[in-house]
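Here is the structure we will look at, set down as structure tokens.
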Amino acid sequence: MTRSRLAPVLACLATVLFAGALLRHLQFPLLWADEAETAMFARRVAENGYPKVHDGRNVVYQFGPNIAVGVKEASDAYIGTTWGHIYFALPGLLWARASDDLYAKTWRLRLPFALAGAVGVGLWLWALLPAVRGPRERRWHFAASYLLLATLSVSLLLHLREVRYYALVVLLAGALAREHLGYSVYASLSFRRWSLTLPLLLLLLFNTFFQAFFAFTALLGAERLVAVARGRAGGRDLLPFVATALLVAPLLVYYETFQTARAFAESFSFGPGDFLRNLASVSVHLLRYEFLLPALLCRALVLALSLGGGPSPRVAARLLAFAGGYVVVGCLNPLPLERYFVVLSPLLSGAFLLDAFALTGWWASRADPQRRRRAAALAGAAIALVTALVRLPAVEELGGRLRELATPNLGPLDFAIPFLRERYAEPEALVIATNYEEYAFMYYLDSQVIIGLALNNLSRDQRMQPDVVLPRRRWPRSLDALRPLLAGGDWEEARLPVRDTHHNNVPALSRTPFMPDPHRFATPATEDPDQQLLLYLRVDGEPDDAHQP
């Protein structure tokens, strides 16, 4: 097989590898807290047309005991977040209703998000390919390399599998990159198309994750403003951003975005030192788990060799500048969670590869024409070796991900929910008291669940008599609220052979004060009774109807 025919085959193999790493064991483990919240709000959309907080039995709300924040009082609509990911979850939710199997339900809920994330990665690749000049096989090699890097980004893969907004942000960011680079760098798109698609995509981004919307709008707008100031663009290039502001303004009022953000920020004491700590934490994550360090090394070489004139290094420079701005804006949030920055993963991989390909092309151009392919291959191998060396700290996570792909990874809910489903003939009649991940019991068992993490209905809940009490000992702030419920009546203890961990599992890899229990790559099984998940079951058998106070 000739080299020109081998290149597309390599790209296809990389696509299959990426798809397998993304979709393998998609149904495991069961939904954790945030995913289950999305599923429950999607159920409320199916019932009411919008994400309603109360339904007469259960409350879906995480802002804490002050239920006036993040809720529209007249309609009881949840406005703590925008609703894009909730409506996106609706088809999967309706599809999941056709199955009684817990894991089939989970797979059907997650699949649309994972596919959206895969399309997002594809859009990022499509946005970057025009910067790769030369023979067609060179673009095939770039595509294969890019998809391989996406497969090696464990953080990206884990986040794209979640029933949350993460995959949708990657999707919309990829579309924005394609449109903006096509207009501002490649000159392959008309002003009319760019000016129409940019406000629409930014509007969708606001309705998916408003922090990303503010960052993208500010950074893209600043880039166009600089271009106008330097005479590289006309003043009309600012019109799409004016249109975006006009489109989003009514939604800012409806969602009470600034009021909610202010109420959230007031719970933190945030100063310059906290901002610097956030900046350090996010930077360390991107250096260890993403391709920021290889990208910076290649950028330094490109600058040292004065190779910045071609389209490939020019696009790489823009991407790295955008990533730096995004990190700065994102770290102004008192809570710099890893998931807020996962959108930078395909961007950093792209910046690294664009500069790497510029370097291999430069090295090949210095060789004799007959030896240029070999020179390019040797340069590529050298860059790959250096990349592998600087990525050594991530080997542990790569090994864990391989083990996770081979063996399903379960969490505490994967033991507790099937146990209750088998124990009780009518789990929908149960009243379950738990202090964390309450939405998973609402979704999978259709039970009434009280107490919860936010303690937003505590006075009513503590007057009720639960059938099951499940204390999650890693959440002491809400744990005390369960103790009065156990004071009266007879209870049977049930210990399940799994550790009582913080979460059923999360996609985050970095351990921080905000995420003390990051992703686990294996089931936390244990025979130690002091570590096992403990349930208290009321001894008078099946639940009855006498639960209301």
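The Kirkwood hydrodynamic radius of the stretch 245-339, based on inverse pair distances between different Cα atoms, is 16.1 Å. Ranked by the mean number of other Cβ atoms within 10 Å of their residues, highest first, the peptides 29-36, 477-484, 404-411 come out as 29-36, 404-411, 477-484. Residues whose amide H lies under 5 Å from that of Val71, counting only those 5 or more places away or on a different chain, are Ile79; hydrogens are built 1.01 Å from N in the peptide plane.
Candidates Tyr444, Gln462, Met515 compared by Cα position along the dipole of the stretch 373-516: farthest toward the positive end lies Met515, with charges placed on Cβ.
Once you have a ≥ b ≥ c as the square roots of the Cα gyration tensor eigenvalues for the stretch 70-217, tell me rounded if a/c is under 1.5, and otherwise prolate or oblate according to whether a/b is larger than b/c. Since a/c reaches 1.5 but b/c is at least a/b, the shape of the stretch 70-217 is classed as oblate. Values of log10 I(q)/I(0) for the chain across q = 0.09, 0.10, 0.12 Å⁻¹ run -0.72, -0.87, -1.19, by the Debye formula with one identical scatterer at each alpha carbon and no solvent.
Taken over the stretch 1-158, the percentage of Cα pairs per 10 Å bin, counting from 0 up to the bin with the maximum distance, is 10, 30, 25, 19, 12, 5, 1. Taking 0.692 mPa s as the viscosity and 37 °C as the temperature, the Stokes-Einstein diffusion coefficient of the stretch 465-508 based on its alpha-carbon Kirkwood radius rounds to 265 µm²/s.
Extents of the stretch 420-549, taken as max minus min of Cα coordinates on every principal axis and listed largest first, are 45, 31, 26 Å. Taking amide H positions as modeled 1.01 Å from N, with prolines and chain starts lacking one, the residues under 5 Å from Val449 and 5 or more places away or on another chain are Ile432. Taking every alpha-carbon pair under 8 Å whose residues sit at least 6 apart, the stretch 97-238 reaches a relative contact order of 23 percent.
The helix-only estimate of mean residue ellipticity at 222 nm for the chain, built from DSSP H runs of length n ≥ 4 each weighted as -39500 (n - 2.57), is -18500 deg cm²/dmol after division by the residue total.
Relative to the dominant Cα principal axis of the chain, helix 292-304 is inclined by about 20°.
Pairs of C-alpha atoms in the stretch 165-317 farther apart than 19 Å represent 66 percent of all such pairs.
Think of the chain as having a plus end and a minus end, set by charges on the Cβ of Lys, Arg, Asp and Glu; of Phe268, Leu485, Tyr61, Phe268 sits farthest toward the positive end of this dipole. Taken one residue at a time, the phi angles of the stretch 530-540 give Karplus couplings (6.51, -1.76, 1.60, θ = phi - 60°) of 6, 9, 6, 5, 10, 10, 10, 10, 4, 7, 8 Hz. Gly and Pro are set to x.
Taking a ≥ b ≥ c as the square roots of the Cα gyration tensor eigenvalues, with a/c under 1.5 meaning rounded and otherwise prolate when a/b beats b/c, else oblate, which class fits the stretch 210-293? It comes out oblate by the Cα gyration axes. Scanning residues 5 or more positions from Val498 or on other chains, those with amide H under 5 Å from its amide H are Thr526, Leu533, with H placed 1.01 Å from N in the peptide plane.
Sort the stretch 287-404 into rounded, prolate or oblate with this rule: let a ≥ b ≥ c be the square roots of the eigenvalues of the Cα gyration tensor; rounded if a/c is under 1.5, and if a/c is not under 1.5, prolate when a/b is larger than b/c, oblate otherwise. Oblate, since a/c reaches 1.5 and b/c is not below a/b.
Please state the charge dipole magnitude for the chain, taken about the Cα centre, from unit charges on C-beta atoms (+1 on K and R, -1 on D and E), reported in debye and rounded to the nearest 20.
3720 debye
Any read-out appearing in this document is the output of simple, stated calculations on the displayed coordinates, not a laboratory observation. Predicted, not measured: the structure shown is a model, and the values here were computed from it. Glycine also receives a Cβ, built like all others from the backbone with ideal geometry; neighbour counts cover every protein chain displayed.
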